[in-house]
Amino acid sequence: MTELSGGPSLPQERRVVTAVPGPKSQELMARKQSTVAGGVGAVMPVFAARAGGGVLEDVDGNSFIDLGSGIAVTSVGNSDPAVVRRAAEQLERFTHTCAMVTPYEGYVEVCEELARLTPGDHAKKSALFNSGAEAVENAVKIARSHTGRQAVVVFDHGYHGRTNLTMALTAKNMPYKHGFGPFAPEVYRVPVAYPFRWPTGPDNCAEEAAAQAIDQITKQVGAENVAAIVIEPVLGEGGFIEPAKGFLPAIRQFAADNGIVFVADEIQSGFCRTGQWFACEDEGVVPDLITTAKGIAGGLPLAAVTGRAEIMDAVHSGGLGGTYGGNPVACAAALGAIETMRELDLNAKARRIEEVMKPRLEKAAERYGVIGEVRGRGAMIAIELVKPGTKEPNPEATAAVAKHCHQAGVLVLTTGTYGNVVRFLPPLVIGEDLLNEGLDVVEEALAGLE
Ligand SMILES: *Cc1c(COP(=O)(O)O)cnc(C)c1O
């Protein structure tokens, strides 16, 4: 069986032994096409066989350098030993009771960890769910219950999920919303401080964007009608946009001044991804509620809303929950993932990844006019591609770079409102040699555009 096991024992190497996709992947893809709904896409048409550390091996024996982590999920690596050990132990004890029927200790322990790890030293409580979208929906339910108000304010380029309410909260039409309306009402979208694309340039972006956002909220919605302001401290699907410094604190202050629940959606940016436990710590922003998922449990489905005890407790008993929310195996996995984050100091690893990646990408940006901006923090780094000499988005070059990387054995993802951002989300445990080799291939891809 050892031969079949994935995890960190996998050879940490890039290895392309067939065309990509290889024959076995092509065969499986044909089966997929005849049985899996067409709406479920695939970034890279290869089928996974094993994964661990910084690599993903496909069914044809190709080994890809993983710069995607299953979209910021396997931050501790795939099949992390502590995740496997704790989840396997739990699988043998019991798989499900329903936390609302018969609670179990793992659920409580995860909530205790969330209270310790999230920003702020106020009394906190949590509720656990299955997916990020479900966590965001519940944060809105809690905020509405607490405030007795209905409106929810979100931002340009924001992404919050694919359920009905979270589609309404999400900015981008294609592919997330197109044809899926009508959407939930009482959702209002305001500008975000996107320095690279701010009309007057980056220098006054934070103040101008905050003033515009606040003006729209007060004039068009009425602050006294707003239950929650929901924002990603680093906007993920929107293109790894770091709001200009000062913007988040200004919006946070406005929320505090007006009795609005400030919700940080840290589903993508949380759990060591940006080199801090949570990205909002970067500017000392303490949210009222924080939503987490993705990196929390090493790949098992788990999500949470954590926040001020008095807000969380506003909801009547029985008002929050779900059959599977806080599944015991997922909770055990989360405790394993958190153990690994602490033991390996994955915040430091994420900062080191930034130290390796950013200078190399910035150098590439001097050389290749197609790179409009290099941005991001920790292991959440991106390049925004433009038509050289302009700021016009270049989704064609973005797709070409991704394709070259995939063919050459490097898994990268694209993102962004304009589809023109190559994003890098390596597992935080990736070896530095592998990371550098991955960057060599990215540079090759950029050179190939010329
Ligand atoms: C991925 C993501 C979600 C949705 O999470 P799912 O688990 O896919 O439902 C919500 N918000 C942000 C910021 C995300 O990145």
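The values are calculated or read from the model by the stated rules, or taken from the named source; none is laboratory data. Model, not experiment: these values are computed from the prediction. Using ideal geometry, Cβ is built from the backbone for each residue, glycine included, and neighbour counts are taken over all protein chains shown.
Within the range 204-212, identify whether any single residue is within 16 Å of the ligand (Cβ to nearest atom), at pLDDT 95 or above, outside any helix (DSSP H, G or I) and not assigned by TED's automatic domain parsing to the domain that holds PHE424, and answer yes or no.
no
Determine, yes or no, whether PHE271 is assigned by TED's automatic domain parsing to the domain that holds ASP215, within 14 Å of the ligand (Cβ to nearest atom) and either at pLDDT 95 or above or not aliphatic (A, V, I, L, M) (or both).
Considered against the rule, which asks whether it is assigned by TED's automatic domain parsing to the domain that holds ASP215, within 14 Å of the ligand (Cβ to nearest atom) and either at pLDDT 95 or above or not aliphatic (A, V, I, L, M) (or both), PHE271 comes out as yes.
Restrict the check to the range 57-69 and report whether at least one residue is under 22 Å from the mean Cα position of the chain (by Cα) and small (Gly, Ala, Ser).
Yes, the range 57-69 has at least one match.
Looking for something within 16 Å of the ligand (Cβ to nearest atom), at pLDDT 95 or above and among the hydroxyl-bearing types (Ser, Thr, Tyr) - is there at least one such residue anywhere in the range 148-165?
yes
Could you tell me whether the range 175-189 includes any residue that is of a type in the set (Lys, Arg), without any contact (Cβ under 8 Å) to a residue 60 or more places away in the chain and more than 23 Å from CYS280 (Cα to Cα)?
Checked against the condition, which is being of a type in the set (Lys, Arg), without any contact (Cβ under 8 Å) to a residue 60 or more places away in the chain and more than 23 Å from CYS280 (Cα to Cα), the range 175-189 yields at least one hit.
Whether any residue in the range 308-323 is crowded, with 24+ Cβ neighbours inside 10 Å and either farther than 24 Å from ARG116 by Cα or of a type in the set (S, T, N, Q) (or both) is what I want to check.
No: the range 308-323 contains no residue that is crowded, with 24+ Cβ neighbours inside 10 Å and either farther than 24 Å from ARG116 by Cα or of a type in the set (S, T, N, Q) (or both).
Working carefully through the options ALA127, ALA115, ALA133, ALA168, find the one that is within 15 Å of the ligand (Cβ to nearest atom), closer than 30 Å to ASP345 by Cα and not in a loop (DSSP other than H, G, I, E, B).
ALA133
Does any residue of the range 144-156 turn out to be of a type in the set (D, E, K, R), closer than 22 Å to CYS331 by Cβ and assigned to a helix (DSSP H, G or I)?
There is no residue in the range 144-156 that is of a type in the set (D, E, K, R), closer than 22 Å to CYS331 by Cβ and assigned to a helix (DSSP H, G or I).
Tell me the residue from VAL315, VAL285, VAL263 that is within 12 Å of the ligand (Cβ to nearest atom), in contact with a helix residue (DSSP H, G or I) (Cβ under 7 Å, 6 or more places away or on another chain) and in the same structural domain as PHE196 (by TED's automatic domain parsing), please.
On inspection, the qualifying residue turns out to be VAL263.
Any residue at all in the range 71-90 that's under 17 Å from GLY336 (Cα atoms) and free of Cβ contacts under 8 Å to residues at least 24 places away in the same chain?
The answer is yes; a qualifying residue exists.
Could you check how many residues of the range 363-384 are under 25 Å from the mean Cα position of the chain (by Cα) and either outside the structural domain of ALA72 (by TED's automatic domain parsing) or more than 12 Å from GLU443 (Cβ to Cβ) (or both)?
Residues that pass the stated criteria total 12.
Specify the residue that is farthest from GLU105 (Cα to Cα); the eligible residues are those in the range 69-90 that are small (Gly, Ala, Ser) and more than 16 Å from the ligand (Cβ to nearest atom).
Filtering the range 69-90 for residues that are small (Gly, Ala, Ser) and more than 16 Å from the ligand (Cβ to nearest atom), the one farthest from GLU105 (Cα to Cα) comes out as GLY77.
Please specify each residue of the range 79-105 satisfying the condition of being over 23 Å from PHE129 (Cβ atoms) and assigned to a loop (DSSP other than H, G, I, E, B).
If the condition is that a residue be over 23 Å from PHE129 (Cβ atoms) and assigned to a loop (DSSP other than H, G, I, E, B), then SER79 is the only one that fits.
Exactly one condition in (1) assigned to a loop (DSSP other than H, G, I, E, B); (2) over 26 Å from the mean Cα position of the chain (by Cα) is not met by GLY120; state its number.
Just one mismatch for GLY120, condition (2).
Just for the range 288-312: of the residues that are part of a strand (DSSP E or B) and over 22 Å from VAL73 (Cβ atoms), which one is nearest to the ligand (Cβ to nearest atom)?
Looking at residues that are part of a strand (DSSP E or B) and over 22 Å from VAL73 (Cβ atoms), I get GLY307.
Which of the following residues is more than 16 Å from the ligand (Cβ to nearest atom) and either part of a loop (DSSP other than H, G, I, E, B) or buried (at least 18 other Cβ atoms within 10 Å of the Cβ) (or both): GLU339, GLU355?
Every option except GLU339 fails the conditions.
Can you name every residue in the range 246-260 that is touching a helix residue (DSSP H, G or I) at 6+ places or on another chain (Cβ under 6 Å) and touching a residue at least 60 places away in the same chain (Cβ under 8 Å)?
Within the range 246-260, no residue meets the criteria.
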